[in-house]
Amino acid sequence: LALGLPVGGGDAHQEHVHHLLRMAVRPNVVIRIVPTTIGAHVGMDRPFTRLTFEKYEPVVCVECETSTAFIEDETSIEAYGEVVRALGESSLDAVESKALIASLGEAQLPLGEAV
């Protein structure tokens, strides 16, 4: 959904798309797009970042309007893991996602228009 929002105009939109493509070729970056055709999904509730480490227990960072919470309890960590798994099942794979982003980058948009 965010890829189609007209934020900043056509030039800014194209730069955002090209930035995603530049990042997608890095070995430590995987971009997966959840298609809007599936409708509402578990990832729409609130943005979060799941951090996993080799030497430490995982942590989930949840950002709200005026605060940030770091969640460490095992039950909550497992619940966020389920969200990540569900998103993985419903999203395009990395190759399909890059192809979709590339098609947006190839679109010739007049200044001020977005996809």
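The values are calculated or read from the model by the stated rules, or taken from the named source; none is laboratory data. Predicted model only: the values in this text are computed from it and were never measured. Ideal geometry is used to build each Cβ from the backbone, glycine not excepted, and the neighbour counts take in all protein chains shown.
The table that follows gives values for the structure above.
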{"quantity": "Residues within segment 52-72 that are in a loop (DSSP other than H, G, I, E, B) and surrounded by 10 or more Cβ atoms within 10 Å (Cβ to Cβ), tallied", "calculated": "4"}
{"quantity": "Residue match in segment 81-101 (condition: in a loop (DSSP other than H, G, I, E, B), within 13 Å of the chain's Cα centre (by Cα), surrounded by 11 or more Cβ atoms within 10 Å (Cβ to Cβ) and aliphatic (A, V, I, L, M))", "calculated": "yes"}
{"quantity": "Check on ARG32, surrounded by fewer than 12 Cβ atoms within 10 Å (Cβ to Cβ) and either assigned to a loop (DSSP other than H, G, I, E, B) or at pLDDT 95 or above (or both)", "calculated": "no"}
{"quantity": "Residue that is modelled with the highest pLDDT [pool: residues in segment 39-51 that are surrounded by 10 or more Cβ atoms within 10 Å (Cβ to Cβ) and among the aliphatic types (A, V, I, L, M)]", "calculated": "LEU51"}
